[in-house]
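Read through the structure below, which is laid out as structure tokens, and then see the notes.
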DNA sequence: CTACCGATATTCT
DNA sequence: GAATATCGGTAGA
């Protein structure tokens with residue numbers, strides 16, 4: 001059996017069904033395998049928090065493509081984040097891979113993460129990309145292997161294993177509980193509410209005061 | 001542990 | 001110009 005037909009079948013389901021089913025899945029790339037412990041759903045058609053909410057751009061084009069590929073974007077001038085593209089072609093849904101735990105290739109992951117504690121090797125979406133050596137050159141790549149491989153778990157999780165809550169760092173649609181994680185996993189990233197405002201007005205010109 | 005801050009691509013206003 | 005699906009360093013409790 002090819003797993004890839006199964007993979008696409010899974011990913012064509014509504015993204016809110018897909019997201020929790022990806023918990024515990026294995027992702028392998030460049031010599032490192034992680035087990036997903038935390039994900040977030042983005043439903044571009046109706047989701048103000050999604051990159052695709054305002055339509056297609058060069059950056060988010062992969063979200064509109066066929067399921068089973070990876071959408072990788074660069075953000076904050078510094079970090080990469082990777083999503084599993086879901087839904088039928090043309091529907092810009094995706095699941096952001098927020099955290100995982102390294103189950104193979106730990107030495108490589110440690111080297112890429114520059115001495116971080118093992119718990120932090122793939123804790124947070126940008127750290128996860130660093131551990132797996134994913135960047136925008138992989139945007140649009142297939143998750144069916146062999147280079148990049150997503151293996152959904154085959155067994156159901158025990159009751160109570162999945163927790164849900166608000167997504168991290170969004171200002172818009174912050175109330176939607178579309179983040180899913182494995183209960184009590186130490187590798188789940190810390191929740192940070194969106195920055196309320198950058199408020200950073202610089203004092204122009206002059207000395208102030210008074 | 002919390003809080004701030006800088007790095008700066010991409011998109012929006 | 002300002003905001004953002006972030007992180008690592010530093011400072012302080």
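So what is the 222 nm mean residue ellipticity for chain A from helices alone, if each DSSP H run of at least 4 adds -39500 (n - 2.57) and you divide by all residues, rounding to the nearest 500 deg cm²/dmol?
Numbers: 4 runs with 31 residues, N = 210.
Mean residue ellipticity, 222 nm, calculated: -4000 deg cm²/dmol.
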**Q.** Inter-label distance for residue A:154 and residue A:116, nm, one decimal - labels placed 7 Å from Cα along Cα-to-Cβ
**A.** 3.1 nm
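Counting other C-beta atoms within 10 Å, which of A:28, A:57 has the fewest, and how do the rest follow? Please report the intermediate quantities before stating the final value.
Values: A:28 20, A:57 10.
Fewest to most other Cβ atoms nearby, the residues stand as A:57, A:28.
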Q) With no solvent and one point per C-alpha, what does the Debye sum give as log10 I(q)/I(0) for chain A at q = 0.12, 0.13, 0.18 Å⁻¹? A) -0.59, -0.69, -1.32
Q: Would you give the gap between the C-alpha center of the stretch A:21-49 and the C-alpha center of the stretch A:134-194, rounded to a whole Å?
A: 4 Å
Q) Stretched out fully, how many nm does the piece from residue A:46 to residue A:162 gain, at 0.36 nm a residue minus the Cα gap? A) 39.3 nm
Q) To the nearest µm²/s, what D does Stokes-Einstein give for the stretch A:1-72 at 4 °C and 1.567 mPa s, using the Kirkwood radius over alpha carbon pairs as Rh? A) 95 µm²/s
**Q.** Debye intensity ratio in log₁₀ form over the Cα atoms of the stretch A:11-127, taken at each q of 0.19, 0.24 Å⁻¹
**A.** -0.98, -1.34
**Q.** Cα-Cα P(r), the stretch A:80-171, percent of pairs per 5 Å interval
**A.** 3, 11, 18, 22, 21, 16, 7, 2, 0
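Read-outs: derived from the displayed coordinates by stated rules, not from any lab. Values in this document were obtained by computation on a predicted structure and should not be read as measured data. Neighbour counts are summed over all protein chains in view; Cβ atoms, including those assigned to glycine, are modelled from backbone coordinates with ideal geometry.
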